[in-house]
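Asker: Here it is, the structure in full.
The values are calculated or read from the model by the stated rules, or taken from the named source; none is laboratory data. Here the structure is a predicted model, which is why all the values come from computation and not from measurement. In this analysis, Cβ positions are derived from the backbone assuming ideal geometry, glycine residues included, and neighbour counts consider all displayed protein chains. With ligands, DNA and RNA removed, areas are computed over all heavy atoms of the protein, side chains included. Shrake-Rupley method; radii C 1.70, N 1.55, O 1.52, S 1.80 Å.
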Amino acid sequence: MTEKENNVKHFLELIQRSRRGKFKVYIGMSAGVGKTYRMLQEAHSLLRNGIDVKIGYIETHGREETEELVIGLPIIPRKQLFYKGKNLEEMDLQAIINLRPEVVIVDELAHTNIEGSKNEKRWQDILDILEAGINVISAVNIQHIESLNGEIKQITGIEVSERIPDSVLQLADEVVNIDLTSDELVNRLKEGKIYTADKIQRALTHFFKSENILQLRELALKEVASQVERKVEAEIAHDVSFRHEKLLACISSNEKTAKKVIRKTARLANYYHSKWFVLYVQIPSESNDRIPLDKQRHLINNFKLATELGAQVIRLEEQNVTDAIMKVAEEKKITTLCIGKPHFSLFKVIMATSVFNKLLNKLAETDIDLIILS
């Protein structure tokens, strides 16, 4: 692309960005920290200041304090959908776009829409609203961020099914952490401000254990800190000597290992605000006519996951994995290679070749770092 074409593209991007609505996200370590409450407080403040703000979707979970704050705010009626023999309610995306309020409050960012809706996920609805030039305030818990899925499962023992791509948070103009101490959150739970009485004891012995809350709180604080750093990097000019990171995640057909490498590399890319790639080298024994169907399916799912998290997927057919990695690292000007732990299959493939020392030497010569992810 010529310099003239680059200038035109940059100008078009500036125009599109100026037309797009602003996006603010409240993030918390768990349910009950007060995200919805804070959004409604902000809505009242905006309304008092003459801003056309409307409730697109709010979920009070029957919490009395939260329900009281809904009173007096203009609400866009929900859409009625008939699904599996039941009348259900969903946010009315088209009504929001037609009414075009200055600001719309949309709760439950990670929500999965009822089948038959325009989009599968609510975060996709929000992208449509932003594209229409409407400002959005939304909320999400830390456990719904895609690249943290593995860590959340380790902490809580729960596989969170509703997740948002990290790229959605990266689009936010402002990310605000709603923080409580472990004791404050547990007290709110015991007082019945989060769940009904019949659910309190189970919550205390499972998700709301003190050690879980502390770890989730740390993740939420880190996430917001990284968002702030990214914003600073994007808006403040860099010194010309600043090294812009480019990460290459090298995966094999091992489903679980690949998923870990992808998610952890996504976190690193997120932290450094850097471009990243996922490389899968298809060796002859894993050609399309030899690789088992279940492995093919897992590979496709991992490619999809990588794309959703913002990576560019590269798939090569090569006899020698190490040579393929070196080739891609040079072509894409990679600064950091990310691979699985030594006992994983990809590392075994590399170690089994006599070219491994050559790879390490090449990395040293080109100032490329190597990160082994566990």
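Asker: Please determine, by comparing only the residues of segment 149-166 that are assigned to a helix (DSSP H, G or I) and touching a helix residue (DSSP H, G or I) at 6+ places or on another chain (Cβ under 6 Å), which one is nearest to Val228 (Cα to Cα).
Answerer: Across segment 149-166, the extreme among qualifying residues is Asp166.
Asker: Could you check segment 347-374 and list, in sequence order, the residues that are modelled with pLDDT under 60 and either open to solvent by 20 Å² or more (accessible area, probe 1.4 Å) or not in a helix (DSSP H, G or I) (or both)?
Answerer: Scanning segment 347-374 gives Phe347, Lys348, Val349, Met351, Ala352, Thr353, Ser354, Val355, Phe356.
Asker: Mind counting the residues in segment 208-230 that are over 17 Å from Ile27 (Cβ atoms) and either open to solvent by 20 Å² or more (accessible area, probe 1.4 Å) or touching a Phe, Trp or Tyr at 6+ places or on another chain (Cβ under 8 Å) (or both)?
Answerer: 3
Asker: Please enumerate the residues belonging to segment 241-273 that are in a loop (DSSP other than H, G, I, E, B), more than 15 Å from the chain's Cα centre (by Cα) and closer than 24 Å to Arg230 by Cα.
Answerer: Ser241, Phe242, Arg243, His244, Glu245
Asker: For segment 309-327, what are the residues that are surrounded by 18 or more Cβ atoms within 10 Å (Cβ to Cβ) and part of a helix (DSSP H, G or I)?
Answerer: Val321, Thr322, Ala324, Ile325, Met326
Asker: Any idea which residue in segment 188-206 is most open to solvent (accessible area, probe 1.4 Å), counting only those that are more than 20 Å from Thr60 (Cβ to Cβ) and not basic (Lys, Arg)?
Answerer: Out of the qualifying residues, it is Gln201.
Asker: Can I ask one more? Going by the structure shown, is Leu127 open to solvent by 40 Å² or more (accessible area, probe 1.4 Å), out of contact with any Ser or Thr (no Cβ under 7 Å at 6 or more places or on another chain), in a helix (DSSP H, G or I) and under 30 Å from Glu218 (Cβ atoms)?
Answerer: So Leu127 passes the test.
Asker: Cβ-Cβ under 7 Å, sequence separation 6+ or interchain: first residue in segment 310-333 and farther than 12 Å from Lys246 by Cα, partner open to solvent by 80 Å² or more (accessible area, probe 1.4 Å) and part of a helix (DSSP H, G or I). Which pairs?
Answerer: Pairs found: Val313/Thr307.
Asker: For the condition closer than 18 Å to Val175 by Cα, touching a Leu at 6+ places or on another chain (Cβ under 6 Å) and in a strand (DSSP E or B), what is the one hit in Val104, Val140?
Answerer: It is Val140.
Asker: Taking Leu169, is it closer than 28 Å to Phe208 by Cα, in a helix (DSSP H, G or I) and open to solvent by less than 20 Å² (accessible area, probe 1.4 Å)?
Answerer: yes
Here is a yes/no grid of residues against (1) open to solvent by less than 40 Å² (accessible area, probe 1.4 Å); (2) without any contact (Cβ under 8 Å) to a residue 24 or more places away in the chain; (3) over 22 Å from Ala269 (Cβ atoms); (4) not small (Gly, Ala, Ser):
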| position | (1), (2), (3), (4) |
| --- | --- |
| His111 | no, no, yes, yes |
| Gln154 | no, yes, no, yes |
| Ile158 | no, no, yes, yes |
| Ile164 | yes, no, no, yes |
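Asker: Please enumerate the residues belonging to segment 174-185 that are modelled with pLDDT under 90 and open to solvent by less than 50 Å² (accessible area, probe 1.4 Å).
Answerer: Passing the criteria: Leu180, Ser182.
Asker: Further question on the same structure: Can you pull out the residues in segment 174-215 that are closer than 13 Å to Gly32 by Cα, touching a Ser or Thr at 6+ places or on another chain (Cβ under 8 Å) and not in a loop (DSSP other than H, G, I, E, B)?
Answerer: Ser182, Leu185, Val186, Ile213
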